[in-house]
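A short write-up of the structure that comes next.
The values are calculated or read from the model by the stated rules, or taken from the named source; none is laboratory data. From a predicted model like this one, the values you see are computed outputs, not experimental measurements. Cβ atoms come from the backbone with ideal geometry, glycine included; neighbour counts cover every protein chain shown. Side chains are part of the model used for accessible areas, which takes the heavy atoms of the whole protein and leaves out ligands, DNA and RNA. Shrake-Rupley method; radii C 1.70, N 1.55, O 1.52, S 1.80 Å.
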Amino acid sequence: DPEIVFLDEPTSGLDPIAAAAFDKLIVSLRDTLGLTVYMITHDLDSIFAVCDRVAVLAEGHIVRQGAPRDLVRDPGHSWVREYFCGERARLALA
């Protein structure tokens, strides 16, 4: 039984229904088994559904970290602002 699970773009290529189901599975396993999950993803829906904390990589290093909602409220970096608050982010924030 692992304590840590690493996922690399786990919802990439999935349709929205399957991606949402996978997100729910990750949360369920995390909460039930007490797992720590490290997930690399560009999927904003997954970030908001699964992640307690995120680290944003841009310009070759971590430019911002915190809870997803905190990054929306205070992006602190132009790339983070565009990614979390830009036009394509609108659905994840609804």
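Quick notes on this structure:
- Where the chain is the region considered: accessible area per residue in Å², 1.4 Å probe: 69
- Portion, in percent, of the accessible area of the chain that falls on carbon or sulfur, probe 1.4 Å: 54
- Computed across the chain, the Kirkwood hydrodynamic radius from all distinct Cα-Cα pairs reaches 14.0 Å.
- Förster radius 25 Å - calculated FRET efficiency between VAL27 and CYS85 (Cβ-Cβ, nearest 0.05): 0.55
- For the chain, the mean residue ellipticity at 222 nm estimated from helices alone is -12000 deg cm²/dmol, where every DSSP H run of n ≥ 4 contributes -39500 (n - 2.57) and the total is divided by all residues, rounded to the nearest 500.
- For ALA49, net neighbour charge (Lys/Arg +1, Asp/Glu -1) across residues whose Cβ lies under 10 Å away: -2
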